[in-house]
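Take a look at the structure below.
The values are calculated or read from the model by the stated rules, or taken from the named source; none is laboratory data. Remember, predicted model here, so these are calculated numbers, not experimental data. Heads up, the Cβs are rebuilt from the backbone with ideal geometry, glycines too, and the neighbour counts pull from every protein chain shown.
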Amino acid sequence: MTEPIRVVLIDDHGLCRRGLSELLEARAGVEVAGHTGNADEAMQLLRDEQPDLAIMDLRMVPVDGHQLLTRLRAEGIDTPIVVLTMSDSPDDLGRAFRAGVRGYLLKDMDPDDVIDAIRRTARGEVVVSPVMAAKLVDLLMPPRPGITRDDYMKTLTEREREILQYLANGKSNKAIALDLGISHDTVKLHVRHILSKLGLRSRVEAAVFAVEHRVAATSG
């Protein structure tokens, strides 16, 4: 039997924590290992429970989500983080991803979509609310005169598109190499070419680009 996904909820609104906890445990088979709206308690929870995932709001007081993300990473707490917030601000979005979050979801999303996104994140995928995906790509890829985002996709070879699909699914270079029957170094070279052609800096940015362009994720 598959072990349930263990999560910690960080939100300074008790009603939100309770509602999300009930939703995840009742409909998603997720184990809520703890929840809090306090930054210090959140850090201790993540140390003690070592969950698979933390789901965090940004708009918290007195320590907001951005400050808490900075503290977590500074102290070496590398729990994957999914932001669940009301903020559709491109600035909040960009700051969150630069701080290394794995997902950015909006609280007005359909509950089933939130559940699906959390499951996908636990599998290693990068998830972004559809409303925010285009904003993130715009932040990561400053426009070039006369060039559209579709033009970037046309520069990729068939193999590069295939590997971009794997990146969208959170696969490591080693896993991609095993699946495609090619060497690890060859995968690394393809990834470098993808990032260069798309004007991106990291695998996370490539995965977000794939989400925006609806690049189909590989199975498995």
Please verify whether residue 113 is assigned to a helix (DSSP H, G or I), surrounded by fewer than 20 Cβ atoms within 10 Å (Cβ to Cβ) and touching a strand residue (DSSP E or B) at 6+ places or on another chain (Cβ under 9 Å), treating the condition exactly as stated.
yes
Before we move on, is residue 100 part of a loop (DSSP other than H, G, I, E, B) and either within 24 Å of residue 131 (Cα to Cα) or touching a Ser or Thr at 6+ places or on another chain (Cβ under 6 Å) (or both)?
yes
If I filter the range 172-193 for residues that are under 21 Å from the mean Cα position of the chain (by Cα), outside any helix (DSSP H, G or I) and either modelled with pLDDT of 80 or more or closer than 22 Å to residue 80 by Cβ (or both), do I get at least one hit?
yes
I'd like to check something: does the range 44-53 contain any residue that is under 22 Å from residue 99 (Cα atoms), touching a Pro at 6+ places or on another chain (Cβ under 6 Å) and of a type outside the set (Lys, Arg)?
yes
Per the filter on the range 1-20, residues closer than 17 Å to residue 122 by Cβ and either modelled with pLDDT under 95 or aliphatic (A, V, I, L, M) (or both) are 1, 2, 3, 4, 5, 7, 8, 9, 10, 20
Just to be sure I understand the filter: pairs with C-beta atoms under 6 Å, separated by 6 or more residues or on different chains, first member in the range 181-203 and under 16 Å from residue 170 (Cβ atoms), second member charged (D, E, K, R). Which pairs pass?
194/160
If we keep only residues of the range 150-171 that are surrounded by fewer than 14 Cβ atoms within 10 Å (Cβ to Cβ) and at pLDDT below 85, then the residue nearest to residue 82 (Cα to Cα) is 150
Please give the strands (runs of 3 or more DSSP E) falling wholly within the range 1-94 in which 1 or more residues are under 18 Å from residue 109 (Cβ atoms).
6-10, 53-56, 81-85
Being over 22 Å from residue 24 (Cβ atoms), surrounded by fewer than 21 Cβ atoms within 10 Å (Cβ to Cβ) and not hydrophobic (A, V, I, L, M, F, W, C) narrows it down to one of 49, 41, 75, so name that one.
75
